[in-house]
Structures are given as structure tokens and as C-alpha cells.
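Enquirer: One structure, pasted below without further comment.
The values are calculated or read from the model by the stated rules, or taken from the named source; none is laboratory data. All values derive from a computational prediction rather than experimental measurement. Here the Cβ is made from the backbone with ideal geometry for all residues, glycine too, and neighbour counts use every protein chain on show. Note: accessible area is taken over every heavy atom of the protein model, side chains too, but ligands, DNA and RNA are not part of it. Shrake-Rupley method; radii C 1.70, N 1.55, O 1.52, S 1.80 Å.
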Amino acid sequence: MSKLHQNEISISIETVRRLIDRQFPQYTDLTLAPMGSSGSSNFQYALGSELLVRLPRLPGGGESIEKECRWTRELARHLPVAVPEIIGKGEPDSGYSELWSIVRWQNGTHPAVCFPDSPTIPEHYQLATELAAVISAFRDIEPDADALSDQSLRQQYRGRSLAEHDGAFRHSLKACRSIAALDLDLDAALFLWERSLDLPDATTNHNQPQYWFHGDIVAENLLTENGRLCGLLDFGGLGIGDPTVDLHGAWELFDAPARDTFRQRLNVDDPTWLRGRAWALAIALMTFPYYWLSMPGRIHDRLAMAQNVLADPE
């Protein structure tokens with residue numbers, strides 16, 4: 001597999017096979033094959049026809065595996081959509097330094113993204129309603145004392161304020177200016193971002209309720225079947241804090257009328273909606289310079305997100 005990160009861990013299929021055979025001997029007879037497209041955080045291998053092996057690409061990535069194993073089962077009981085069923089957690093071994101996991105394969109296809117000039121996708125009105133129900137369910141789960149004290153759930157910048165992300169945003173925007181083929185009005189992006197920093201910020205109120213958030217609800221982490229939402233993937237960005245970031249996928253997935261359906265279902269007020277739009281812009285811009293050559297599919301999806309943000313009426 002080609003590298004996506006400069007400090008990426010090297011691992012061979014022979015090492016993955018050895019990890020499985022030593023720690024999960026019941027799966028020794030199952031075939032093992034790298035997936036055609038792996039995520040940016042984890043290498044992924046198909047194990048037989050029903051299982052998936054996920055191994056962090058970066059040093060320290062095992063912390064996300066630990067977090068997923070600790071909390072996904074608990075949250076799954078409350079969510080109206082299937083999430084990855086964790087079959088087992090693997091330990092560092094055979095020269096590989098991180099925790100890793102085996103999960104059950106989930107069938108489905110990723111929904112199409114929507115550019116400002118894309119034709120209407122009728123199924124997305126239903127998807128907007130179903131996705132809003134998932135986000136509502138996250139917010140209805142009250143974090144218990146164990147969750148509130150789990151520091152791994154507090155490390156996600158996406159659950160914090162826009163102001164804390166200002167330096168990173170400006171760094172990403174500067175890097176984007178060097179991408180000649182990037183079809184985006186970066187001056188308009190900066191103007192919108194700076195206006196967003198003046199919005200009321202829920203994170204400044206220490207008495208503000210703390211909510212669960214997924215952190216990365218975008219097309220590549222959603223599965224659909226016959227136009228209906230059937231799966232939510234990758235809980236590595238799971239956290240507790242300000243859940244506004246979970247709105248950002250609306251600008252990637254939906255046209256303006258479907259976004260309005262999504263917003264109405266969630267009953268989102270103006271400041272929160274505009275902060276969600278700013279998060280969508282920030283997440284798109286940080287993607288372009290980092291993955292421009294290595295993940296064209298992700299670049300395509302985030303370009304839809306950013307263009308929709310800038311095309312959105314005030």
C-alpha cells in the first residue's frame with residue numbers, strides 16, 4: 001500500500017497475517033487481502049468475506065482503536081443506524097507497534113456528494129431526515145461519569161471552538177493558495193471564516209451541556225442501501241464537547257433544499273448553523289494541501305463541501 005503520511009508505519013500483508021494467526025487462530029484459514037481503498041487513519045484488510053482488519057497507519061493511532069473498542073458497543077445501543085461490530089482487539093506484536101481491531105464487514109455503498117450545480121438527488125431528502133435522526137440520537141445520549149473522565153474523548157479539536165482552530169485554518173488556507181488547480185475562491189473563504197469567529201460560541205460557557213459527537217459524518221463514513229441510510233463508520237474521531245462539527249457533512253452531501261430539511265429536523269438555530277458551515281469550510285481546506293495527490297476521491301468530496309459552503313446564501 002502506498003504511503004499517505006510522512007511518518008506512516010510500514011506493515012506488510014505477511015505481518016498482518018502473522019498478527020491474526022498468533023492472536024486470533026480461529027481465523028487462520030480465512031483469506032486476507034488489502035482493501036482497494038483504505039482510510040487515511042487505518043490500513044484495512046478483508047479477512048474472509050465477513051470481517052475487516054483495521055490497523056492504524058500512524059504512531060499513537062492505537063489510542064483511537066482503544067477508544068472505539070471501549071465506546072462503540074455502548075453507543076450502538078442508542079443509535080438508529082448500524083455501526084461497526086468489533087469482533088476483537090489485537091495487541092502490538094510481530095514488529096507492529098499499535099493496537100488494532102477486527103470488525104464485522106458492513107454492506108452498502110457510499111452516498112453521492114452534491115456540488116452547487118449538481119442535479120437534485122431525490123433520495124437525499126430521505127437521507128437528510130435519517131442523518132438528522134442519527135445526530136439527534138448522539139445528542140440524546142447523556143455522557144456518564146466514565147465518559148466525562150475519559151481523556152481520549154476530549155482530544156478532538158473538532159469539539160472545541162472555532163477560535164482555537166483559527167491558526168490551523170489560516171495555515172491551511174495559505175497552503176491552498178499554492179494549489180493552482182484548486183477551483184475555490186479563497187478570499188471569500190477567508191472572509192466567511194473571519195465573520196464566523198464573531199459568532200456566539202457555545203464552548204465559552206462552562207455550564208454548557210457536554211454532548212457526544214461522531215466528528216466525521218461525511219459520505220465516505222456513511223453507507224446506504226436502496227437509498228436508505230444503513231451504516232455509520234469510523235468512530236476514531238468520537239468525542240464529547242460541542243457537537244456542532246457533526247453538521248459539516250450537510251454541505252458535502254446535500255443541495256440547499258435537502259440541507260434545509262436536515263436543519264429543520266435538527267431545529268438548528270442561526271449561530272449554530274453558521275458555525276457548522278465554518279467547520280465544513282475548515283475541514284475541507286485542511287484536506288486539500290495534505291491529500292491533493294494521494295486521495296483524489298476525498299479531494300473531490302471536500303471540494304463539493306467547500307463550494308457548497310461558499311455558494312450558500314447568507
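Enquirer: Run the 1.4 Å probe and let me know the accessible area of THR120, rounded to the nearest 10 Å².
Expert: Solvent-accessible area, nearest 10 Å²: 80 Å².
Enquirer: Then there is this: For a distance above 21 Å, tell me the whole-number percent of Cα pairs in segment 157-306 that qualify.
Expert: 45
Enquirer: Magnitude of the Cβ-charge dipole of segment 162-314, K/R +1 and D/E -1, about the Cα centre, nearest 20 debye?
Expert: 220
Enquirer: How many percent of the accessible area of segment 157-314 is carbon or sulfur, using a 1.4 Å probe?
Expert: The C+S portion of the solvent-accessible surface of segment 157-314 is 50 percent.
Enquirer: Provide the packing ranking of 250-257, 187-194, i.e. peptides ordered by the mean count of other C-beta atoms within 10 Å per residue, highest first.
Expert: The packing order, highest mean first, is 250-257, 187-194.
Enquirer: Now, a different point. Tell me which of PHE43, THR28, ALA306 sits at the most positive position along the dipole axis of the chain, charges placed on C-beta atoms (Lys, Arg +1; Asp, Glu -1).
Expert: Positive-most Cα among the choices belongs to THR28.
Enquirer: Between helix 166-176 and the chain, what is the angle of the helix's C-alpha long axis to the longest principal axis, kept within 0 to 90° and rounded to the nearest 10?
Expert: Roughly 80 degrees, rounded to the nearest 10.
Enquirer: Also, I was wondering about something else. What number comes out for accessible area per residue over segment 6-87 if the probe is 1.4 Å? Units Å², please.
Expert: Working: 4070 Å² over 82 residues.
Heavy-atom SASA per residue in segment 6-87 reads 50 Å².
Enquirer: Ranked from highest to lowest mean number of other Cβ atoms within 10 Å per residue, what is the order of the peptides 213-225, 103-115?
Expert: 213-225, 103-115
Enquirer: Hey, another quick one. Please state the relative contact order of segment 73-224 as a whole percent: Cα pairs under 8 Å, 6+ residues apart?
Expert: Relative contact order of segment 73-224: 32 percent.
Enquirer: What is the helix-to-structure angle for 123-140, meaning the angle in degrees between its Cα long axis and the longest Cα principal axis of the chain, kept from 0 to 90 and rounded to the nearest 10?
Expert: Taking Cα atoms only, the helix is inclined about 80 degrees.
Enquirer: Taking springs between alpha-carbon atoms closer than 10 angstrom, which of ASP93, ASP144, ASP242 fluctuates most in the Gaussian network model of the chain?
Expert: ASP144
Enquirer: Extension gain LYS3-ALA33, at 0.36 nm per residue separation less the Cα-Cα distance, in nm?
Expert: Difference between extended and current length: 9.1 nm.
Enquirer: Follow-up question, since we're still on this one. What percentage of all Cα-Cα pairs in the chain are separated by more than 36 Å? Display every interim value, and only then the final one.
Expert: On the way: 8216 of 49141 pairs.
Summing the P(r) of the chain above 36 Å gives 17 percent of all pairs.
Enquirer: Please determine, in degrees from 0 to 90 and to the nearest 10, the orientation of helix 256-266 with respect to the longest principal axis defined by the Cα atoms of the chain, where the helix direction is its Cα long axis.
Expert: The angle comes out at about 80 degrees.
Enquirer: Farthest toward the dipole's positive end in segment 98-212, which of TYR125, GLY159, GLN210, given Cβ charges of +1 (Lys, Arg) and -1 (Asp, Glu) about the Cα centre?
Expert: Result: GLY159, furthest along the dipole toward the positive end.
Enquirer: Name the shape class, rounded, prolate or oblate, that the alpha-carbon gyration tensor gives for segment 26-108, where a ≥ b ≥ c are the square roots of its eigenvalues, rounded holds for a/c under 1.5, and otherwise prolate holds if a/b is larger than b/c and oblate otherwise.
Expert: oblate
Enquirer: Per residue of segment 293-299, in order, report the coupling 6.51 cos²θ - 1.76 cosθ + 1.60 (Karplus, θ = phi - 60°) as ³J(HN,Hα) in whole Hz, putting x for Gly and Pro.
Expert: 9, 8, 9, x, x, 5, 4
Enquirer: Something else now. Classify segment 34-171 from the C-alpha gyration tensor, please: rounded if a/c falls under 1.5, else prolate or oblate depending on whether a/b exceeds b/c. Working shown, then result.
Expert: Values: a/c = 1.40, a/b = 1.19, b/c = 1.18.
Judged from the Cα gyration tensor, segment 34-171 comes out rounded (a/c under 1.5).
Enquirer: So, one more: If I take R0 = 35 Å and measure r between the Cβ atoms of ARG73 and LEU186 in this structure, what FRET efficiency does the formula 1/(1 + (r/R0)^6) give, to the nearest 0.05?
Expert: 0.25
Enquirer: If ARG228, ARG302 are ordered by their accessible area, calculated over protein heavy atoms with a 1.4 Å probe, which sequence runs from highest to lowest?
Expert: Correct descending sequence by accessible area is ARG228, ARG302.
Enquirer: What ranking of TYR27, TYR157 comes out by heavy-atom accessible area, probe 1.4 Å, highest first?
Expert: Sorted descending by solvent-accessible area, the residues read TYR157, TYR27.
Enquirer: Short version: ³J(HN,Hα) in whole Hz for each residue of segment 102-108, in order, from phi by Karplus 6.51 cos²θ - 1.76 cosθ + 1.60 (θ = phi - 60°), x for Gly and Pro, what are they?
Expert: So the J values, rounded to whole Hz, are 10, 10, 7, 5, 10, 7, x.
Enquirer: Give me the 1.4 Å probe accessible area per residue for segment 114-259, excluding ligands and nucleic acids, in Å².
Expert: 45
Enquirer: Which shape class, rounded, prolate or oblate, goes with segment 35-77 when its Cα gyration tensor gives a ≥ b ≥ c as root eigenvalues, a/c under 1.5 marks rounded, and past that a/b bigger than b/c marks prolate?
Expert: It is oblate, given that a/c is not under 1.5 and a/b is not larger than b/c.
Enquirer: Tell me, what ³J(HN,Hα) does each residue in segment 70-85 have, in order and in whole Hz, if you take phi through Karplus 6.51 cos²θ - 1.76 cosθ + 1.60 with θ = phi - 60° and put x for Gly and Pro?
Expert: With the stated coefficients, segment 70-85 comes to 6, 10, 4, 4, 5, 6, 4, 5, 10, 9, x, 8, 6, 10, x, 8 Hz.
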